[in-house]
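As structure tokens, the structure follows; a few thoughts come after it.
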Amino acid sequence: MRKFGNLQAVYMSFYSKELYQDIAKNWSGLCISYFFLLIMLYLVPEMSRFHQTIAEYVDEHSPKLLAQVPVINIQKGQVSMDMDSPHVIPYPNKQDPLVIIDVSGTINSLDNSTALVLLTQNRLLIKRDANDVRIIDLKEVDGLSIDKKRVGDWIELFKNWISIIIFPVVFAITTVLYFLLAMLAVSVGRLFAKLLNADLNFQAILRLSIVSFTPATALQAAHSLLDIDFPMGMSVSFLLALGYLYNAISVNTAKEE
């Protein structure tokens, strides 16, 4: 029966010989619950940092963007605004168009334009990428008014919810990345086991590999929380994890038993 739980293992992974012996001998399975705990240890500070960066960017640039937003009215699918047409809203700190509003019929396409959005007299064009532009016919829209306040509310909503919206995607990508790193660590761990004459099966080495990533992951989390850049962070973290894995296997040699 295992002596230490997942939360105990998080802080004991930095120093405890007994923990790594318990993982090899008494833990069972593939350590899935600890694997996901490790991912959350990495992601929560990273997503917090991402949210703060987005919030600061939006707070810095949104007032300038909002100042250029006209009052737009859509009646029976026809767009009108209180500024001369075409009206261009550029990217922050650039002159390249971000949004184009043209009810005169002069501009009807986003081809060869840096703009991501084009609002014409009766259509809304949204560029997803260079070869994918979604066209929305406004013929069913009636009685819609868009002004600085409404756009400001949308921007505020985006700022508050973007981290939550993209979290599932980031979680999935991080899970795949950590899985690949764990498999690579297992390959190296099997070499360590052979060199150290440690009688450990695949599952035991995998569990040791996963837990060995904890100090490196905590180091990355600390950099995120303190907003400190971590050059070559992934490489340094992986080498640190391999160092802990070597120690974890060495304490499970026949001699130590």
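The values are calculated or read from the model by the stated rules, or taken from the named source; none is laboratory data. Remember, it's a predicted structure, so these values are computed and weren't measured experimentally. Cβ atoms come from the backbone with ideal geometry, glycine included; neighbour counts cover every protein chain shown.
Is segment 170-186 home to any residue that is hydrophobic (A, V, I, L, M, F, W, C), farther than 27 Å from Met47 by Cα and free of Cβ contacts under 8 Å to residues at least 24 places away in the same chain? Reasoning before the result, please.
So the first thing to find is which residues in segment 170-186 are hydrophobic (A, V, I, L, M, F, W, C), and the list is 170-173, 176-177, 179-186.
With farther than 27 Å from Met47 by Cα added as a condition, the list becomes 186.
Checking the rest, the ones that are also free of Cβ contacts under 8 Å to residues at least 24 places away in the same chain come to 186.
Checked against the condition, which is being hydrophobic (A, V, I, L, M, F, W, C), farther than 27 Å from Met47 by Cα and free of Cβ contacts under 8 Å to residues at least 24 places away in the same chain, segment 170-186 yields at least one hit.
Where in segment 41-106 are there strands (runs of 3 or more DSSP E), lying wholly inside it, with at least 1 residues that are over 20 Å from Leu138 (Cβ atoms), free of Cβ contacts under 8 Å to residues at least 40 places away in the same chain and not acidic (Asp, Glu)? Quick ask: steps written out before the conclusion?
Values: elements: 72-75, 78-81, 87-90, 97-101.
Strands (runs of 3 or more DSSP E) meeting the threshold: 87-90, 97-101.
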When only residues in segment 186-245 that are surrounded by 18 or more Cβ atoms within 10 Å (Cβ to Cβ) and of a type in the set (S, T, N, Q) count, which is modelled with the lowest pLDDT?
Ser224
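If you go through segment 145-168 one residue at a time, how many are over 19 Å from Ser104 (Cα atoms) and outside any helix (DSSP H, G or I)? Don't jump to the end; show me each part of the working.
Let us first name the residues in segment 145-168 that are over 19 Å from Ser104 (Cα atoms), namely 147-168.
Add one more test, that the residue is outside any helix (DSSP H, G or I), and what stays is 147.
Matching residues across segment 145-168 total 1.
Of the residues that sit in segment 142-179 and are among the charged types (D, E, K, R) and surrounded by 13 or more Cβ atoms within 10 Å (Cβ to Cβ), which one is nearest to the chain's Cα centre (by Cα)?
Here the residue is Lys159.
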Could you go through segment 56-72 and let me know if any residue there is in contact with a Gly (Cβ under 8 Å, 6 or more places away or on another chain) and surrounded by 15 or more Cβ atoms within 10 Å (Cβ to Cβ).
yes
Give just the number: which of (1) surrounded by fewer than 14 Cβ atoms within 10 Å (Cβ to Cβ); (2) in a loop (DSSP other than H, G, I, E, B); (3) not polar (S, T, N, Q) does Ile136 not satisfy?
(2)
